[in-house]
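Engineer: Can you keep this structure in mind? I'll have questions shortly.
The values are calculated or read from the model by the stated rules, or taken from the named source; none is laboratory data. These figures come from a predicted structure and were not determined experimentally. Methodologically, a virtual Cβ is constructed for each residue, glycine included, from the backbone with ideal geometry; neighbour enumeration extends over all protein chains shown. All accessible areas refer to the heavy atoms of the entire protein, side chains included, with ligands and DNA or RNA removed. Shrake-Rupley method; radii C 1.70, N 1.55, O 1.52, S 1.80 Å.
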Amino acid sequence: MITGNSRLVSLHKLSDYLQAVEILRDGTFGQLDEVITTQPGSLVFCQNIAYLEIANANANITAVITTPELAAEVRVPGLAIAANPRLSFFRLYRRLAEAGQMEPAMVWGQGKGCDIHPRAVVSPRTRIGNHVTIAANAVIEDFVEIGDNTYIGPNAVIGAEGLLSVWEEDGSPLVVRHAGGVAVGRGVVILAGAVIAKSLYRTFTRIGDYSQIGILTNIGHGVQLGEHCVISGNCVITGRTVVGNGVWMGVSASVAPALRIGAGAQIKMGSIVVRDVAAGQVVSGNFALSHNTNMKHYLELIRS
């Protein structure tokens, strides 16, 4: 069992919750997550063979919801099938979240020497370190942890809801509020209007120590940003992307979901990144590729 601040998160059986779908092999799970989960005892959904192969190879996954067509390929102990595994999964997600079973474990509190503007909104369900500055109209939502000596600029939102589109059979949206949190490290600078979304699952979107987040930048749910990174203004790093230490992103650069940006990489101004970037690599353009290659193409163009 995993204990948090509010309610107990216990081990569940598929048959306790999934009466609306067919259970081929009953199994247990402790939390919901995605196929690349690092949390033992996870239940995931798989709608295609590529994700199912990842799930089969991940020992942290103990149960899967998938389609009838893919059921024979499942090697995970627990198995349920549904015509729409994603919808069944997020219906269960909402049920567990509403029962307080999806919340990350945290200890609330505020350190010494903090300077919190009277017009800032700070949830009591947060952990604020020592000598943290929170400027006017900033919003710090539930399940946010902020390290010592960090600065949060005016109108920044830490712990916002992330975008998640799930549709019922009749076409109406299934509203799914994110259950995770945000962990901001020590000595971080987050400037005016930046938005950092909370994780979807019982984990944290993370901003590493001594990183800087520019004006109006958007950090998606589940992003893992390393230490000493500089993310310039108006950038977008979409959900579940992993960014290594010392990465620099220029103004208005965008990164597609679930990519890996290696340590020390540089992403030039306005770049649109749609594939992984190696450690130390410098990329630019739309779609981004090696900056030297881009400059060669540019010089050839202006000479022609």
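Engineer: Is at least one residue of the range 59-76 under 22 Å from the mean Cα position of the chain (by Cα), more than 20 Å from residue 221 (Cβ to Cβ) and open to solvent by 20 Å² or more (accessible area, probe 1.4 Å)?
Structural biologist: Within the range 59-76 (the criterion being under 22 Å from the mean Cα position of the chain (by Cα), more than 20 Å from residue 221 (Cβ to Cβ) and open to solvent by 20 Å² or more (accessible area, probe 1.4 Å)), the answer is yes, since at least one residue qualifies.
Engineer: Given the criteria of a type outside the set (Ser, Thr, Tyr), in contact with an Asp or Glu (Cβ under 7 Å, 6 or more places away or on another chain) and within 27 Å of residue 204 (Cβ to Cβ), does residue 39 qualify?
Structural biologist: Yes: the conditions hold for residue 39.
Engineer: While we're looking at this one, here's another question. Of these, 20, 105, 83, which one is part of a loop (DSSP other than H, G, I, E, B), free of Cβ contacts under 8 Å to residues at least 60 places away in the same chain and of a type in the set (Gly, Ala, Ser)?
Structural biologist: 83
Engineer: For the range 112-162, which strands (runs of 3 or more DSSP E) that fit wholly inside it have 2 or more residues that are free of Cβ contacts under 8 Å to residues at least 24 places away in the same chain?
Structural biologist: Once the strands (runs of 3 or more DSSP E) in the range 112-162 are filtered for at least 2 residues that are free of Cβ contacts under 8 Å to residues at least 24 places away in the same chain, what remains is 126-128.
Engineer: Could you list, in sequence order, the residues of the range 175-213 that are closer than 21 Å to residue 270 by Cα and open to solvent by 10 Å² or more (accessible area, probe 1.4 Å)?
Structural biologist: Once the filter is applied, which keeps residues that are closer than 21 Å to residue 270 by Cα and open to solvent by 10 Å² or more (accessible area, probe 1.4 Å), the range 175-213 yields 191, 192, 193, 195, 212.
Engineer: Hey, another quick one. Would you be able to tell me the number of residues in the range 86-102 that are open to solvent by 30 Å² or more (accessible area, probe 1.4 Å) and either without any contact (Cβ under 8 Å) to a residue 24 or more places away in the chain or not small (Gly, Ala, Ser) (or both)?
Structural biologist: 6
Engineer: When only residues in the range 144-160 that are open to solvent by less than 10 Å² (accessible area, probe 1.4 Å) and under 18 Å from the mean Cα position of the chain (by Cα) count, which is nearest to residue 111 (Cα to Cα)?
Structural biologist: Selected residue: 146.
Every residue, every condition in (1) over 18 Å from residue 25 (Cα atoms); (2) modelled with pLDDT under 95; (3) in contact with a strand residue (DSSP E or B) (Cβ under 7 Å, 6 or more places away or on another chain), yes or no:
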site	(1), (2), (3)
54	yes, no, no
80	no, no, yes
101	yes, yes, yes
114	yes, no, yes
142	yes, no, yes
147	yes, no, yes
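Let's see how each residue does on (1) under 19 Å from residue 212 (Cα atoms); (2) at pLDDT 95 or above; (3) touching a Leu at 6+ places or on another chain (Cβ under 7 Å):
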| position | (1), (2), (3) |
| --- | --- |
| 239 | yes, no, no |
| 242 | yes, yes, no |
| 250 | yes, yes, no |
| 254 | yes, yes, no |
| 268 | yes, yes, no |
| 271 | yes, yes, no |
| 284 | no, yes, no |
| 293 | no, no, no |
| 298 | no, no, no |
